[in-house]
There are 2 protein chains.
Amino acid sequence: MATHTWTTEPAELLRVREGFSLADVDADAHPGFDGDKSSGTALLEEREQRLDELQERLFAASRVGDGHDAVLLVLQAMDTAGKGGIVRHVVGGVDPQGVDFAAFKAPTEQELAHDFLWRVEKRLPRPGMIGVFDRSHYEDVLIGRVRALADESEIERRYDAIIDFERRVAASGTRIVKVMLHISRDEQKERLMERLERHDKHWKYNPGDVDERMLWDDYMDAYQTAFDRTSTPEAPWYVVPADRKWYARLAVQELLIDALEDIDPQWPLADYDVEAEKKRLAAS
Amino acid sequence: MATHTWTTEPAELLRVREGFSLADVDADAHPGFDGDKSSGTALLEEREQRLDELQERLFAASRVGDGHDAVLLVLQAMDTAGKGGIVRHVVGGVDPQGVDFAAFKAPTEQELAHDFLWRVEKRLPRPGMIGVFDRSHYEDVLIGRVRALADESEIERRYDAIIDFERRVAASGTRIVKVMLHISRDEQKERLMERLERHDKHWKYNPGDVDERMLWDDYMDAYQTAFDRTSTPEAPWYVVPADRKWYARLAVQELLIDALEDIDPQWPLADYDVEAEKKRLAAS
């Protein structure tokens, strides 16, 4: 048994609401959980079973009858904030058959020829699945804005397009959980330095990471604007302090559990005659 | 530390060679490992780290420079043999970002309008990935043969088409590991009965499972023919006794480790000036 548990649900505490200010978030804090790394890790392990059971029910419900529910976890963050660790240590705790993982890199020429949501639409999770977006359509209003990759009116258009898109996805039965992992500028420096210091981490470093780092404040502004414009009841944003990896993992795990509990998937009833099948099987 | 380890590599012991006879395989045996369930489970956990590290190296090698290597695990079996458990407990031990999972169901109308390898080609793992096929193109010479879903000359053609296809895939850098999980007819009956007896397992049962079970001997003949015709040096078959789930998982884990050790992926060298980047980062 874990010695500590949540004092307040992260779905409540970390949700972006009217008046939210990213500048006021302490990336080093661990709101709602007053334990330390070791009790946090213990709770992560304990809650893995709950997440696992809920995921299996979600999957089962989609296989028989008319289960249309799915979950979409959108992960956005500055480099090194720990998206990979979330995928590995939180999502990695459930059955890989129930996970649709999609990483969005810089768009290809073909993707650029389409509307920015074209490639995203194709990767939406099917019913019964937990979809995970490692970066997403939000890049098109983050780096898109900071680097002026599209003109201003196009960027403006995108916020509304995102709201319409996400409303439609939610209406089709997909719970959308949008997470920004928030690290401090100092913590990022340390983590990038570690990648430079370890030969088994060199492949994770890209000189472009420092270029983007130089534009830190512009990125924070772009995130704030994205929150202001696109945190809706159907697709809320959560800002998760991420200087402590154990806390960020614990919080995202709980956000996923919360979304699944909201769906409350049930084991589907047999669509065949169970007793008749027992007899047929016994005779076979 | 696990108390028991492999006495002989499963890649050696379980490989289908000239003269192999499926009828002679004891589904309840645990060749090459003389421990029991508890020591087997301990070893599974211990070896997970090795698999995990090799997978990360494979992934890293593909991101920088010219790593073209990938692994493709093909899983075939009669119903209930434990494909799902392999995915969950063996493949589930590595980073989900490095796994491409594809389940092949009965082909759609669109798929049927193409050659049987069309849908398979599309799901081949990209460089750096571990691809997992839950069922595969072999269905087209298994149920395809047993149920006469295509005429005899077409089924005959497919064996050679498969050999050519797999040779091409192997030549492009993908290690192909084809596994048949072999359970006994009695064990299958027990496992199906359990699905009928537990309401949380009803969704896993399908009356069609018993229909296929009635054709057990025809399926074993179709498997034997597939082994005779398609176990090649580039894409060998392994028959894994699977009445004991713990053994099957341990064996498939080791087959994956063996394939990855054969690739021997290395951490890629930095394609940037590490010392210059340290200075640039420090100043940022």
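The values are calculated or read from the model by the stated rules, or taken from the named source; none is laboratory data. Just so you know, these numbers come straight off a predicted model, no measurement behind them. Cβ placement follows ideal geometry from the backbone for every residue including glycine, while neighbour counts extend to all protein chains displayed. Side chains included, ligands, DNA and RNA excluded: accessible areas come from the protein's heavy atoms. Shrake-Rupley method; radii C 1.70, N 1.55, O 1.52, S 1.80 Å.
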Ignoring everything except DSSP H segments at least 4 long, calculate the 222 nm mean residue ellipticity for chain B; use -39,500 (n - 2.57) per segment, divide by total residues, nearest 500.
-14000 deg cm²/dmol
For residues of A:94-101, the mean tally of beta carbons on other chains within 10 Å:
6
Contact order relative to length for chain B, counting C-alpha pairs under 8 Å separated by 6 or more residues, stands in percent at 33 percent
Surface accessible to a 1.4 Å probe, A:Arg47 within the full protein complex, Å²
60 Å²
From zero up to wherever the largest Cα-Cα distance of region B:1-155 sits, split into 10 Å bins and tell me the percent of pairs in each.
9, 28, 35, 22, 6, 0
How far is the Cα center of region B:46-109 from the Cα center of region A:156-206, in Å?
25 Å
If one builds a Gaussian network model of chain A from Cα atoms under 10 Å apart, the most fluctuating residue listed among A:Arg88, A:Arg135, A:Arg167 is A:Arg88
What's the long-distance tail for region A:80-160, i.e. % of Cα pairs beyond 17 Å?
54 percent
With all protein chains present and a 1.4 Å probe, the order of A:Thr174, A:Thr41, B:Thr5 from largest accessible area down is B:Thr5, A:Thr41, A:Thr174
Cα axis of helix B:216-230 to longest principal axis of chain B: angle in degrees, 0 to 90, nearest 10?
40 degrees
At A:Pro107, with labels set 7 Å past Cα in the Cβ direction, how many nm apart are the copies from this one, shortest first?
3.5
Per the axis that maps chain A onto chain B, nearest residue of A (Cβ criterion) and its distance in Å
A:Pro96, 3
Carbon/sulfur accessible area of the protein assembly as shown, % of total, 1.4 Å probe, equals 46 percent
Ratio of region B:169-284's C-alpha Rg to 2.2 N^0.38 Å, to two decimals?
1.72
Any idea of A:Tyr238's accessible area? Nearest 10 Å², probe 1.4 Å.
20 Å²
Could you count how many Lys pairs in region A:10-265 have their Cα atoms under 20 Å apart, skipping same-chain pairs fewer than 8 positions apart?
19
Residues B:Lys37 and A:Asp24, FRET efficiency given R0 of 56 Å [Cβ-Cβ distance, rounded to 0.05]
0.55
With every protein chain kept in place and ligands, DNA and RNA left out, what is the accessible area per residue of region A:50-177? Probe 1.4 Å, answer in Å².
41 Å²
Could you pull the Cα extents of region B:10-264 along its three principal axes, largest to smallest, in whole Å?
50, 45, 39
I need the inter-copy label distances for A:Thr3: point set 7 Å along Cα to C-beta, values in nm with one decimal, smallest first.
3.2
Quick one: how many Å² of A:Arg15 are accessible to a 1.4 Å probe, rounded to 10?
80 Å²
Return the long-range amide H neighbours of A:Glu9 (sequence gap of 5 or more, or a different chain), with a cut-off of under 5 Å between placed amide H atoms.
none
What FRET efficiency would be calculated for the residue pair A:Glu154, A:Asp271, taking the C-beta separation as r and a Förster radius of 56 Å, to the nearest 0.05?
0.70
Can you classify the protein assembly as shown as rounded, prolate or oblate using the Cα gyration tensor, where a ≥ b ≥ c are the square roots of its eigenvalues, rounded means a/c under 1.5, and otherwise it's prolate if a/b beats b/c and oblate if not?
prolate
Sorted list, accessible surface of protein heavy atoms, 1.4 Å probe, largest first, for B:Lys189, A:Lys122, B:Lys279 is B:Lys279, A:Lys122, B:Lys189
When Lys and Arg each count +1 and Asp and Glu each count -1, what net charge do the other residues less than 12 Å away from B:Gly67, Cβ to Cβ, add up to?
0
Can you list the copy-to-copy distances for B:Asp160, using a point 7 angstrom from Cα toward Cβ, in nanometres, shortest first?
6.2
Expected unfolding gain across B:Glu194-B:Asp164 under the 0.36 nm per residue rule, minus the alpha-carbon gap, is 6.7 nm
Could you check what % of the DSSP bridge pairs in the protein assembly as shown are antiparallel, to the nearest 5?
5 percent
